[in-house]
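The values are calculated or read from the model by the stated rules, or taken from the named source; none is laboratory data. These numbers come from a predicted model, not from an experiment. With ideal geometry, Cβ positions are generated from the backbone for all residues, glycine too; neighbour counts draw on all protein chains shown.
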C-alpha cells in the first residue's frame, strides 16, 4: 500500500489524479486469478499507437525549427480566427497566428518541463530511494521521515506559490517540479528496491564479496530500471498536466513563447466565437497525457514479476 | 490507543514542519511586498517605516514565532494590500470551497459506486470495458481542459448553466446549485474515475472470497449479496483514496475555482499571488496544508475502525 499511496500523492499533485497504477499495486494478492490479471504478455496495437504518438510529438518538438512552419509568434500576418484551410491546417488564433505552428512549438515547453523534471526526480529521488531501501536501518528511517513530511505538502498549491514568486521561466518551473517529484519517486523506487534487496541473486553477489556499490549498480539497478521507467512515464504525464495548469494561469513560461496551457487559456476567452482555438492545444495535451499514461500503465503490467510464473 | 497517540504525535510534528517550511520558504522568495505596496520610486525612509509598521524588519524565524503565536490565538493577521483581516476573508470563503467539495464528492460517489459494483460483477465484459476505458480517458483529461469543455458544451452551446459567477446559498438556493453545477461536475468526474477503478478492483477480490460463495449457495439474490455482503469489505481502499483525494482537492480545487470564478479559498490564493500579497498566500498555503495533513490523519484512524482485521491487529500491539 505504501508505494501506491506515494503514487497517489504524486498524482494528487496534478489536477487530475492518474490512478491507473494506484488501482492495483503490483503483487496485490486479491487480483490473482481474476481474468484481468490474465493480460497476455503482449503489448498490443494500442500500446504501439500510443508509443508512436509520444515518439512523433518528441520528434516534432525537436525538429520544429526546421519544419516548414509559420512563425508561431508573428502577429498580424494572417486574418484572425480563420478556420482550417490549406494554408493554415488548424486555422489561426485571435491575433492571426498559425495554430499548427503554435501547437507544435508549444509542445517544446510541455515536453522539456515534463522529461527534465522527472529526469531530475529519478536521479535524486531514485538514488535516495535505492540507498534507503538497500541499506535500511537508521538512514532509511531518516529518509522516510523526510519523505513523509515532503509528501504532506499539498504539491500543487505549493508549486503555484513558489513559481509565482521565484520566477516564471523554463528553468524555475522545471526545477520546482523536479524537487516536488523527488519524494513520491523515492517511495516507489524504495519499495521496488526492497523487493530485490533480499533475493537470492543479491545474496549470492554479496557472498562472492561484491561491495555495496557493485551490488547496487550491477544487481539491483537493472531490476529496478524497468519499473522505474514505466512509472516515470506516468510521472511525466503528471508533470505535463501540472505545467499546463501553471501556464494556463499565466505562471509558467511567459508569452510570446507558445505553451499549451497558455493557448488553452487564450482560446477560453473566445470559446463562443472560435472554439477551435482552444480545441487544438487541448487535444494535443489530452492525447499526449493519455498516451504517456497508457504506455506507462502497459509497461508496468508488462514488466511486473509474476510470482506464480517463477 | 497507542496507535492513535503515535499518529497524533506524528501529526503534530508534520504540522510544525509544514508550517515552518511554508512560512520560511515563502518569506525567502524574491519579490518584496514593500516595493509592491509603495511602488519602485519609494524613498528608503518610507520603505524602512513601512517595514517596521508591518514587522518585516525582524528576522524571518522571529516573525515565524510571532505569526505562529498569533495563529494559535486565532489571529491570522491582515492583508498587506487591502488590510482586510485574513481570518474574516477565510470565514467567508471556506464554506464556498467546502460546499464545492461536498457536491463534487456526491457526484463522484453517485456515479462510481453503481458503476464500480456492476463492472466488478462481470469483469472484462461490455460494461466493465466501457467504464474502465472511460475512467482511463477521464484520468488523462487535465481539470482545466475538462472545465473548458463543459463550459463550451453547457454554457456556450446550450446555455444551461452559467459559465462563471457564484450565487450565495442564502440568496437563492436553486441559483446556488446552478452556479456550482459545472465546477462540481468538473471536480467530481476526476474523482469519479479514481473511485470507480479502486472500488472495482477491490470488489473483484471480495467477490472471490468464500463467504460470497456461501451466500450464493444459500440462494440469496445477487443484488442483496452485492450490497449487503460485498460492498462494505470492498470500500476500505476507497475510503483511503477518497480521503487523500479530498485532502488534495482542498488545494487542487483552486484552478477550477479560478476558471468558474467561484469565490473560495483557491480563488483567494490565486488572486493574492497575482497581487503579491505574501501574508494571505502564506496563511492559505498553511491552511490547505493543515487540512490535507489532518484529513490524512483522520482517514488513517477511520480506516482502523472500519476494517475489523486492522483494528484487532493494531489494538493487539
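Pairs please, first residue from segment B:3-28 and facing chain A (nearest Cβ under 10 Å) and over 17 Å from residue A:162 (Cβ atoms), second anywhere and crowded, with 17+ Cβ neighbours inside 10 Å and modelled with pLDDT under 80, Cβ atoms under 6 Å, 6+ apart in sequence or on different chains.
Note: pairs meeting the criteria are B:14/A:149; B:14/A:152.
Of the residues in segment B:199-220, how many are crowded, with 17+ Cβ neighbours inside 10 Å and away from chain A (no Cβ under 14 Å)?
Filtering segment B:199-220 for residues crowded, with 17+ Cβ neighbours inside 10 Å gives B:199-207, B:212, B:215.
When the remaining residues are screened for being away from chain A (no Cβ under 14 Å), the result is B:215.
Number of matching residues: 1.
Show the residue pairs that are 6+ apart or on different chains and have beta-carbon atoms under 6 Å apart, the first residue being within segment A:265-280 and facing another protein chain (nearest Cβ under 9 Å) and touching a residue at least 60 places away in the same chain (Cβ under 8 Å), the second being crowded, with 20+ Cβ neighbours inside 10 Å and in a helix (DSSP H, G or I).
A:267/A:277; A:267/A:278
Restricted to segment A:97-118, and to residues that are free of Cβ contacts under 8 Å to residues at least 60 places away in the same chain and within 20 Å of the chain's Cα centre (by Cα), which residue is nearest to residue A:215 (Cα to Cα)?
Taking the candidates together, the pick is A:108.
What residue, among those in segment B:234-269 that are over 17 Å from the mean Cα position of the chain (by Cα) and within 11 Å of chain A (Cβ to nearest Cβ), is farthest from residue B:98 (Cα to Cα)?
B:234
Hey, among the residues in segment B:142-168 that are facing chain A (nearest Cβ under 7 Å) and either touching a residue at least 24 places away in the same chain (Cβ under 8 Å) or under 15 Å from residue B:260 (Cβ atoms) (or both), which one's surrounded by the most Cβ atoms within 10 Å (Cβ to Cβ)? Give the derivation first.
Just the residues of segment B:142-168 that are facing chain A (nearest Cβ under 7 Å), to begin with: B:142-145, B:148, B:151-152, B:156.
Narrowing further to those that are either touching a residue at least 24 places away in the same chain (Cβ under 8 Å) or under 15 Å from residue B:260 (Cβ atoms) (or both): B:143-145, B:148, B:151-152, B:156.
Working: B:143: 23, B:144: 26, B:145: 29, B:148: 25, B:151: 23, B:152: 20, B:156: 14.
Out of the qualifying residues, it is B:145.
Residues in segment B:297-307: is at least one under 13 Å from residue A:160 (Cα atoms), modelled with pLDDT of 80 or more and in a helix (DSSP H, G or I)?
no
Could you give every pair whose Cβ atoms fall below 8 Å, whose first residue belongs to segment A:146-157 and is at the interface with chain B (Cβ under 7 Å from one of its Cβ atoms), and whose second residue is crowded, with 23+ Cβ neighbours inside 10 Å and assigned to a loop (DSSP other than H, G, I, E, B), counting only separations of at least 6 or pairs across chains?
A:156/A:13; A:156/A:14; A:156/A:15
Kindly establish whether residue A:258 is surrounded by 24 or more Cβ atoms within 10 Å (Cβ to Cβ), more than 13 Å from every other protein chain (Cβ to nearest Cβ) and more than 12 Å from the chain's Cα centre (by Cα).
Answer is yes for this residue.
What single numbered condition from (1) under 30 Å from residue B:257 (Cβ atoms); (2) modelled with pLDDT of 90 or more; (3) more than 14 Å from chain A (Cβ to nearest Cβ) fails to hold for residue B:196?
Condition (3) is where residue B:196 drops out.
Please find, among B:96, B:117, the residue that is under 20 Å from the mean Cα position of the chain (by Cα) and closer than 30 Å to residue B:138 by Cβ.
Details: B:117 fails: under 20 Å from the mean Cα position of the chain (by Cα).
Result: B:96 is the single residue among B:96, B:117 that is under 20 Å from the mean Cα position of the chain (by Cα) and closer than 30 Å to residue B:138 by Cβ.
Does residue A:241 fit the bill of being within 8 Å of chain B (Cβ to nearest Cβ) and either within 23 Å of residue B:133 (Cα to Cα) or within 14 Å of the chain's Cα centre (by Cα) (or both)?
When the stated conditions are applied, residue A:241 passes them.
Scanning for something within 18 Å of residue A:257 (Cα to Cα) and part of a helix (DSSP H, G or I), does segment A:78-99 turn up at least one residue?
Yes, segment A:78-99 contains at least one residue that is within 18 Å of residue A:257 (Cα to Cα) and part of a helix (DSSP H, G or I).
Give me a count of the residues in segment B:273-292 that are under 10 Å from residue A:161 (Cβ atoms) and surrounded by fewer than 22 Cβ atoms within 10 Å (Cβ to Cβ).
Of the residues in that region, 0 qualify.
If I filter segment A:245-254 for residues that are more than 10 Å from chain B (Cβ to nearest Cβ), surrounded by fewer than 21 Cβ atoms within 10 Å (Cβ to Cβ) and closer than 21 Å to residue B:142 by Cα, do I get at least one hit?
For segment A:245-254, residues more than 10 Å from chain B (Cβ to nearest Cβ), surrounded by fewer than 21 Cβ atoms within 10 Å (Cβ to Cβ) and closer than 21 Å to residue B:142 by Cα: present.
Just to be sure before I move on: is residue A:60 in a helix (DSSP H, G or I), modelled with pLDDT of 65 or more and touching a helix residue (DSSP H, G or I) at 6+ places or on another chain (Cβ under 8 Å) in the structure I sent?
yes
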